[in-house]
1. Treat region 1-155 as a sphere of radius equal to its Kirkwood radius over Cα pairs and apply Stokes-Einstein at 25 °C in a medium of 0.890 mPa s; give the translational diffusion coefficient in µm²/s, rounded to a whole number.
2. Could you pull out the pairs from Lys49/Lys223; Lys42/Lys223; Lys207/Lys237; Lys29/Lys137 whose alpha carbons sit more than 21 Å apart here?
3. Can you tell which of Glu231, Glu165, Glu16 shows the greatest fluctuation in a Gaussian network model of the chain with Cα springs below 10 Å?
4. Taking the simple approach of a point 7 Å from Cα along Cα-to-Cβ for both Gln151 and Ser64, what is their distance in nm?
5. Figure the gain on full extension for Lys42 and Glu242 (residue separation times 0.36 nm, minus the Cα-Cα span) and round it to one decimal in nm.
6. Convex hull volume of the Cα atoms in region 36-91, per residue, in Å³?
7. Quick check: net charge around Val288, other residues with Cβ under 12 Å of its Cβ, Lys/Arg +1 and Asp/Glu -1?
8. Using only the Cα atoms, what convex hull volume per residue in Å³ does region 10-70 have?
Amino acid sequence: MYPAPFEYHVPSTVAEAVALLGQWQDDAKLISGSQSLVPMMKLRLVQPKHVIDLRKVPGLTGISESEGALVIGALTTHRAIETSEIARSRLPILSEAAGGIGDAQVRNLGTIGGSLAHADPAADWPAVTVALDASVKIAGARGERTLPVEQLISGPLTTVLEPGEILVQVRIPLPGARTGSAYEKLPHPASRFAIVGVAAAVALDGKGAVQRARVALTGVGPKVTRAASVEQALQGKATSPESVKAAAGRAAEGLELRADSTGTADYKAHLAAVYTERALRRALARAVEG
Ligand SMILES: Cc1cc2nc3c(=O)[nH]c(=O)nc-3n(C[C@H](O)[C@H](O)[C@H](O)COP(=O)(O)OP(=O)(O)OC[C@H]3O[C@@H](n4cnc5c(N)ncnc54)[C@H](O)[C@@H]3O)c2cc1C
């Protein structure tokens, strides 16, 4: 099926893209990697009259370290993150999550900013970035603002981005000593989207107890969700296999689990616990090494 007819715009600056968005408002859609927008246009689920391509705007790609954070341009592809030396050495969770997204075409074209803006409830980046306390820089007609990813995504395929705003950067605080993070997912056999995906990030104190834990789940609810009960259960605890298993067993608490073609709500609660335990174990092992 072909998309409905549209006009194609190629701005060369963020300001130009913002101006075009302001001009065409709800009739316009930004395009980054095209991996979610084009299928939706072909199915006529969305029919923008104007498509604004961000790919010729300089400065929106790349990964660098700045002021204690890893700064990732919104148009950086999944593949660029998967293969980034700086990501691999400083935050290997990013490379492992990127490497598990879709197939080679999706990874070569799809972008981290497009994924966060699209806010698919089974996408990987929302869980990973929420667990890492990442924030996004957003450009709009009134200037720039910064928002934690946790506040960006408000529901399935829904964000708090205003119609005229563009996500331009993802900023991830670089972890200190005795910290570790890991991502575990059960991929859907066809799309590789997460049936369940769990990102865990932990920091240990000098005695080896958990000083801070962040656990974020994707695939099992309408949007990325922090597993607050798991985080609280780990706080201040030793990292024995028993305490990790007990904490992970609370992963489904507070989740809006629904049965669908991938399984019953009970099965998903089970998966949430199992994948949370796996992610925590690997995150803790990295924290001990680091
Ligand atoms: C077969 C297949 C398998 C996939 N498997 C996975 C998977 O396993 N895990 C996973 O996480 N994802 C998966 N995806 C989704 C993929 O990661 C997409 O790349 C991603 O969701 C959207 O990124 P994009 O750059 O392609 O955005 P686009 O498709 O270009 O845009 C998506 C939406 O975001 C908006 N948008 C894009 N960029 C910006 C921006 N900078 N600021 C504001 N709004 C913006 C667009 O207007 C559009 O509404 C899969 C996709 C396909 C087709």
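1. D = 151 µm²/s.
2. Among Lys49/Lys223; Lys42/Lys223; Lys207/Lys237; Lys29/Lys137, the Cα-Cα distance tops 21 Å for Lys49/Lys223; Lys42/Lys223.
3. The residue that fluctuates most here is Glu16.
4. 2.6
5. Here the segment from Lys42 to Glu242 would lengthen by 67.0 nm.
6. 114
7. +3
8. Once divided by residue count, the hull of region 10-70 is 110 Å³.
Taken together, the values in this text are just the output of simple stated rules run on the coordinates, not laboratory data. Small disclaimer: the values here were computed from a predicted structure and weren't measured. Neighbour counts run over all protein chains shown; Cβ positions are idealised from the backbone, glycine included.
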